[in-house]
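One structure is given here, and the rest of the page talks about it.
The values are calculated or read from the model by the stated rules, or taken from the named source; none is laboratory data. In this text the structure is predicted, and so the values were computed from the model without any measurement. When we count neighbours, we look across all protein chains shown, and the Cβ atoms used for this are built from the backbone with ideal geometry, even at glycine. Protein only, heavy atoms only, side chains kept; ligands, DNA and RNA dropped before computing areas. Shrake-Rupley method; radii C 1.70, N 1.55, O 1.52, S 1.80 Å.
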Amino acid sequence: MGDFPKAEESYETCLLIDPENLDVHRALANIDSRLGRFDSALEAYETSLRFARSPGDTIGVWNAIAEVHEIRGRIEACPGRASNGAENKGNAR
């Protein structure tokens, strides 16, 4: 597994330089999703929609949003899973 905290810090620094960078917003959303921070991931993907430069960009973001909903649904459907919201702990953004 990668060093998500360092990657996240680097991407946040990129946003200080270029706050409208679609790729950086998508990368941060991807990190959130991989860490199980689904609400934060969805929020970051929705923010990235504002910076889409083409229909392909927009479609890519909507596909990523759909994947987060799909992953969250599979996790929530697991038998015996505690419903304590642990997947959203650590939403810093």
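Taking the condition open to solvent by less than 20 Å² (accessible area, probe 1.4 Å) and free of Cβ contacts under 8 Å to residues at least 40 places away in the same chain, does Ala29 pass? Judged against the criteria, Ala29 is a match. Residue count for the range 52-67 satisfying the condition of being open to solvent by less than 90 Å² (accessible area, probe 1.4 Å) and either assigned to a helix (DSSP H, G or I) or farther than 21 Å from Pro19 by Cβ (or both): 9.
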